[in-house]
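Here's the structure we're looking at; comments come further down.
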Amino acid sequence: MSHEPSKAFVELDLTIHIFTVSATLVGVCLTVIGIMRHLGGARTSHFGEELLALDAFLFLFCCILSYIALKMGSRLSQKELLTNIADYLFIFALSMMALICGLIVYEII
């Protein structure tokens, strides 16, 4: 008798987390862009803002894919595909956000 959650439950839980966190990270990216524009003035490069805007769109796309996967009913193969794409895209966008933050902190961009 195993008390471990089923694979389907784990996948559903992960998809819900990607949906909520990616939606939040869209707002974080937009907030940082606003702060950079307000505080940075002409001193900061627009390249960092453009990278953050691209990252916001990647997180938005993750959010949309996760939402569609959550709404899909019995089409398991398509649901699995959307979930996997959202997973990998989320990790890529999160890594990109960390890289952008490092570039901003060290004023490389």
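The values are calculated or read from the model by the stated rules, or taken from the named source; none is laboratory data. Given the structure is predicted, the values throughout are model-derived calculations rather than measurements. All Cβ positions, even for glycine, are placed from backbone atoms using ideal geometry, and neighbour counts span all protein chains on display.
Filter the range 62-109 down to residues that are of a type outside the set (Val, Ile, Thr) and in contact with a Ser or Thr (Cβ under 7 Å, 6 or more places away or on another chain) and give me whichever is nearest to Gly48 (Cα to Cα). Full working, then the answer.
Residues of the range 62-109 that are of a type outside the set (Val, Ile, Thr), as a first pass: 62-63, 65-67, 69-82, 84, 86-90, 92-99, 101-103, 106-107.
Right, trim to in contact with a Ser or Thr (Cβ under 7 Å, 6 or more places away or on another chain) and you get 62-63, 66, 69-70, 86, 90.
Values: Cys62: 21, Cys63: 22, Ser66: 27, Ala69: 31, Leu70: 33, Ala86: 24, Phe90: 19 Å.
Out of the qualifying residues, it is Phe90.
Since His38 meets every condition but one in (1) within 27 Å of Ala8 (Cβ to Cβ); (2) at pLDDT below 90, which condition does it not meet?
Result: His38 passes all but (1).
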